[in-house]
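Everything below concerns the one structure shown next.
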Amino acid sequence: MNAEGAGRAPLADLPVDRTYIGRAVPREGRGWRVQLERRTNPDGPETEVVAVGECATLERLEERAWELVRSITDDPDVRVITAPRIDDELMMRVVGAWRAMADAKRAEADAAR
């Protein structure tokens, strides 16, 4: 990051009235609760939840966030940013799964050779 952008909020350059954030929160059991949020302060991270939905997998998060946005507005100039909101324990499980998949792919490549 250059000196000009140092200390600024990560979303500071996006228009508050046209930017939505789709946050995936793990549900009890399986799937994700999708919270569509909109920033309330152009200079800070404060947000408000404007719609809620669900999706089965993170692969569908962006699609589901757009569906929620389209249920609120037909403005063609909106932006949507998506990200899962997970705690450290779940992140460690995800990292472990990624490592296991990488190990399996390496083993498969070795076996093929």
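Points worth noting:
- The residue list E54, E48, E108, E67 contains one member that is at pLDDT 85 or above and touching a Phe, Trp or Tyr at 6+ places or on another chain (Cβ under 8 Å), which is E54.
- Qualifying residue in the range 48-70 (condition: within 30 Å of R18 (Cβ to Cβ), without any contact (Cβ under 8 Å) to a residue 40 or more places away in the chain and in a loop (DSSP other than H, G, I, E, B)): yes
- Selection status of R33, over 21 Å from D17 (Cβ atoms), within 14 Å of the chain's Cα centre (by Cα) and not in a helix (DSSP H, G or I): yes
- Among the residues of the range 5-45, those that are closer than 21 Å to W66 by Cα, modelled with pLDDT under 85 and acidic (D, E) comprise D13, D17.
The values are calculated or read from the model by the stated rules, or taken from the named source; none is laboratory data. The shown structure was predicted, so the numbers you read here are calculated from the model rather than taken from an experiment. Cβ: placed from backbone, ideal geometry, glycine included. Neighbour counts: every protein chain shown.
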